[in-house]
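Structure first, then comments.
Derivation of every value follows stated rules applied to the coordinates shown; laboratory data play no part. Here the structure is a predicted model, which means the values were calculated and not measured. A quick note on method: Cβ atoms are made from the backbone with ideal geometry, for glycine too, and the neighbour counts reach across all protein chains shown.
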C-alpha cells in the first residue's frame with residue numbers, strides 16, 4: 001500500500017531494483033501490521049469483543065479498512081488479494097495475541113506476490 005508511488009519511475013524491465021522491492025516486501029508489511037493489527041485491531045478488539053466463529057468483529061472491521069485503503073491505488077478486483085490474507089493475518093493475531101505471525105505471513109505473501117507478478121508500474 002504505502003510506497004507504491006515511489007515506484008512509478010522504475011523501468012518495467014531490467015534487473016530487480018533492491019530498495020523498492022525491500023520496501024514492498026519487508027518494510028511495508030511490518031509497518032502495516034504494526035498499524036493495522038498492533039494499533040487498530042487491538043483497539044477495536046478491546047471495544048467490540050465479539051467474534052463470528054474464528055473471525056472477530058475487530059478483524060472484520062480492520063480488514064475492511066485495510067482493503068479500502070489498498071483500493072485507493074488498485075482496481076476493485078484487487079480487494080480479494082488484500083482482504084483474504086488480511087483476515088488470515090487478523091485471525092493469527094487474535095489467536096496468538098502477537099504480531100509475529102501476521103508480520104511473517106505478510107512478509108511471505110508480499111515476497112511471493114512480487115516475485116511472481118513483479119513490482120507495480
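Extending 7 Å from Cα along the Cβ direction at residue 48 and again at residue 35 yields two label points whose distance is 1.9 nm. The stretch between residue 96 and residue 78, if pulled fully straight at 0.36 nm per residue, gains 3.7 nm over its current Cα-Cα span.
When a footprinting reagent is the concern and you count Cβ atoms within 10 Å, what order do 116, 25, 79 take, fewest first?
Working: 116 7, 25 20, 79 17.
Arranged by neighbour count, lowest to highest, 116, 25, 79 become 116, 79, 25.
In terms of overall dimensions, the C-alpha atoms belonging to region 16-117 reach 44, 28, 19 Å along their principal axes, ordered largest to smallest.
The simple spin-label model puts a point 7 Å past each Cα toward its Cβ; for residue 116 and residue 68 those points are separated by 2.8 nm. Its alpha carbons considered, region 36-80 gives a radius of gyration followed by a Dmax of 11.6, 32 Å.
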